[in-house]
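A.B. asks: Sharing a structure, written as structure tokens. Questions coming.
Only the coordinates and a few stated rules stand behind these numbers; no lab work does. Predicted model, so just to flag it, every value in this text is computed and none were measured. Every residue, glycine as well, gets a Cβ built from its backbone with ideal geometry; the counts of neighbours run over all protein chains shown.
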Amino acid sequence: MNGKLPADTLAVAPPGTEPAPQEPLEEKVSTFRLVATLAVAGILAGILIALVNQHTKPIIDAYRAQQLRLAVYEVLPAAATYNTFYLLDGMLSSTLPEGAKESDYKRVYAGYDEAGEPVGVAVSRGESGFQDVILVIFGFDPASNTLSGMKVLESKETPGLGDKIFKDQAWVDQFFDGPQTPLVPVKPGSGKGLPGEIDTITGATISTKAVIAIINNALAEWEPVLEGGIPEEGTQP
Amino acid sequence: MPRITTPSQDLIRGIWDENPVLIQMLGLCPALAVTNTVKNALAMSAATFFVICCSSVLVSSCKRFIPKEVRISSYILVIATFVTLADMMLQAYAPVQHKELGAFIALIVVNCMILGRQEAFSSRHTVFRSLLDAIGTGIGFTIALLMMGGFREILGTGTFFDIPLFGPNFEPWVVFVLPAGGFLTLGFIILAMGYYEERKAERVEQSERTA
């Protein structure tokens, strides 16, 4: 190495190796002052964070909502408008009970074409992938039991390998080709041409199988609810 | 033995001679973790730059009120506050980068480069000198991260700032965008710097001998 130690690097010196204080032991600082210093600093920090949060939160929420809107239209290519339905006691409802928190309810996004006819639903669901939870949204047409699209919303899969679940266009396109559900993962080249077969990606086997499992699990949960058909377009914007 | 330094030395020192990452080997966690693309390296550098400048100014201006028994906790509190602010602002104004960097933004809190500057410099120098020192260190950190990010993105994905450099026949060296590539890249850069320093020392020795 360079032989010389940079000046001022005693930063992380362990306690005990500190240079001896110049004056022989300063008078001890009272515990109250220590606590008070930290308390004041903590309060100031809290106020500062709250102020900035007040400013940034609407921007962050608006961005999230916009991303979701774009994703719904991407996985329901035939949709011109969509409506959010919440799951209340096994029934779909476009309104929540008074005072209920939106995030507490499972939901689907029902898409409608220009004429107001239902074209399918978009469902999002997250489950463990290889590294962390993969959050997927996909479009599903209950009338024909086919998928109309899929998009990975969040994933921390390995760069260069598992991240092919959203970077490999050929793999993503398979979900837009209207595969029959339930989906069956097959090794590339070994499929028998059955509807519902999805080629996995070599090197991303776990991640691709996880995406397929997420969709199948979500459908297993939602299909009974959707059996009665998609509700008519509501009055909600 | 106090060394006399001019303000410009405060600024320049951290950029190269005492580069936090390449010489002092501090702040290696973000340097290894998020430098798989130039954009990520730049976002991380910007966030760290903001945090270290604000923290240094605040710590050096409040140093008289901080009893030394709780100084480390105070510094961490100051740093954590600015990291939270940087986190929220990145999420609002650069959401794509924020998503890519994930947990590593929050981990700036434990970047020992920042804590080190507070303890070693800001807590015993004037506000002006502390700010210069923080700017220098921040630039040094940025340079190191950009070097790593450029190297890894060019070899690992064949692009620079998302612009494809090589034709479609280029087979990317995926290992360079994986964590292992971070260690390899850092090793190569330090090796090259060591070789350069050694050559420089040899030349000085030679010229002394001939003189």
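A.B. asks: Obtain the nm distance between the two label points defined at B:CYS29 and B:LYS68 by a simple spin-label model: each point lies 7 Å from its Cα along the Cα-to-C-beta direction.
C.D. replies: The modelled label-to-label distance comes out at 2.8 nm.
A.B. asks: Something else about it: How big is the shadow of the Cα convex hull of the stretch A:60-226, averaged over all directions, in nm²?
C.D. replies: 10.5 nm²
A.B. asks: Then there is this: Rounded to whole Å and sorted largest first, what semi-axes of the equivalent ellipsoid does the C-alpha gyration tensor of the stretch B:1-44 yield via the square root of 5 times each eigenvalue?
C.D. replies: 28, 12, 7
A.B. asks: What does the helix-only formula give at 222 nm for the protein assembly as shown: each DSSP H stretch with n ≥ 4 adding -39500 (n - 2.57), the total divided by the residues, and the result rounded to the nearest 500 deg cm²/dmol?
C.D. replies: Computed ellipticity for the protein assembly as shown at 222 nm equals -16500 deg cm²/dmol.
A.B. asks: Taking N as the number of residues in chain B, what value does Rg over Cα atoms divided by 2.2 N^0.38 Å take?
C.D. replies: Expressed relative to 2.2 N^0.38 Å, the Cα Rg reads 1.14.
A.B. asks: Mean separation of Cα pairs under 8 Å and 6+ residues apart, divided by the residue count of chain A: what relative contact order is that in percent?
C.D. replies: Relative contact order, chain A: 15 percent.
A.B. asks: Rank-order B:53-66, A:90-103 by packing density, defined as the average count of other C-beta atoms within 10 Å over each peptide's residues, highest first.
C.D. replies: B:53-66, A:90-103
A.B. asks: Residue-wise, which Karplus ³J(HN,Hα) couplings in Hz belong to the stretch A:98-104, taking 6.51 cos²θ - 1.76 cosθ + 1.60, θ = phi - 60°, and x for glycine or proline?
C.D. replies: Per-residue couplings from phi come out as 3, x, 7, 8, 4, 6, 7 Hz.
A.B. asks: Take B:THR126 and A:GLU221, extend 7 Å from each Cα along the Cα→Cβ direction, and tell me the distance between the two endpoints in nm.
C.D. replies: 6.2 nm
A.B. asks: Here's something else I'd like to know. If I stretch the segment between A:ALA143 and A:LEU88 completely, what's the gain in nm (0.36 nm per residue apart, minus their alpha carbon distance), one decimal?
C.D. replies: Length difference between fully extended and current span is 17.6 nm.
A.B. asks: How many Cβ atoms of partner chains, on average, are near each residue of A:28-38 if near means within 10 Å of its Cβ?
C.D. replies: Mean shielding count: 3.
A.B. asks: On to the next question. How big is the dipole moment of the stretch A:60-226 about its Cα centre under a simple scheme where the beta carbon of each Lys and Arg is +1, that of each Asp and Glu is -1, and everything else is neutral? Debye, nearest 20, please.
C.D. replies: Value, rounded to 20: 400 debye.
A.B. asks: Excluding residues fewer than 8 places away in the same chain, name every one of the lysines whose C-alpha is closer than 28 Å to that of B:LYS99.
C.D. replies: Here the lysines satisfying the reach criterion relative to B:LYS99 are A:LYS57, A:LYS101, A:LYS106, A:LYS151, A:LYS156, A:LYS164, A:LYS167, A:LYS209, B:LYS39.
A.B. asks: Would you please put A:185-191, A:112-118 in order of how densely packed they are, using the mean number of other Cβ atoms within 10 angstrom per residue and starting with the highest?
C.D. replies: With the highest mean Cβ count within 10 Å placed first, the list reads A:112-118, A:185-191.
A.B. asks: In addition: Over chain B, calculate the relative contact order: mean separation of alpha carbon pairs under 8 Å at least 6 apart, over the residue count, as a percent.
C.D. replies: Reported relative contact order: 33 percent.
A.B. asks: Sticking with this structure for a sec: Could you tell me which helices of chain A pass both thresholds, a Cα extent of 24 Å or more along their own axis and a mean Kyte-Doolittle hydropathy of at least -1.0, with helices taken as whole DSSP H runs?
C.D. replies: A:31-75, A:205-226
A.B. asks: Here's something else I'd like to know. Would you mind listing how long the stretch A:165-237 runs along its three principal axes, going by Cα atoms, in whole Å with the largest first?
C.D. replies: The principal-axis extents, from largest down, are 46, 25, 20 Å.
A.B. asks: Around A:ASP132, with a cut-off of 14 angstrom between Cβ atoms, what is the net charge of the other residues, counting Lys and Arg +1 and Asp and Glu -1?
C.D. replies: Cβ neighbours under 14 Å give a net charge of -3.
A.B. asks: Would you list the P(r) distribution for the stretch A:88-151, with all Cα-Cα distances sorted into 5 Å bins from 0 and each bin expressed as a whole %?
C.D. replies: Whole-percent P(r) values from 0 Å outward: 4, 14, 19, 21, 19, 15, 7, 2, 0.
A.B. asks: State the Kirkwood hydrodynamic radius of the stretch B:87-211 in Å, one decimal place, computed from all pairs of distinct Cα atoms.
C.D. replies: By the Kirkwood definition, the hydrodynamic radius is 18.1 Å.
A.B. asks: Let me ask something else. Count, for each residue of B:81-92, the Cβ atoms from other chains sitting within 10 Å of its Cβ, then give me the mean as a whole number.
C.D. replies: The mean count of partner-chain Cβ atoms within 10 Å per residue comes to 5.
A.B. asks: A follow-up question, please. Report, please, the projected area of the protein assembly as shown averaged over directions, based on the convex hull of its C-alpha atoms, in nm².
C.D. replies: The directionally averaged projection comes out at 30.8 nm².
A.B. asks: Right, here's the next one. Quick one: A:VAL225, B:VAL34, fewest Cβ neighbours within 10 Å first, how do they rank?
C.D. replies: A:VAL225, B:VAL34
A.B. asks: Now for a separate question. Apply the Karplus curve 6.51 cos²θ - 1.76 cosθ + 1.60, θ = phi - 60°, to the phi angles in the stretch B:94-99 and return the couplings in whole Hz, x for Gly and Pro.
C.D. replies: 9, x, 5, 5, 4, 5
A.B. asks: Enter the mean number of other protein chain beta carbons within 10 Å of the beta carbon of each residue in A:156-164, as an integer.
C.D. replies: The mean count of partner-chain Cβ atoms within 10 Å per residue comes to 4.
A.B. asks: So, one more: Can you give the local net charge around A:PRO97? Use residues other than it whose beta-carbon is closer than 13 angstrom to its beta-carbon, Lys and Arg +1, Asp and Glu -1.
C.D. replies: Charge balance in the 13 Å sphere: -3.
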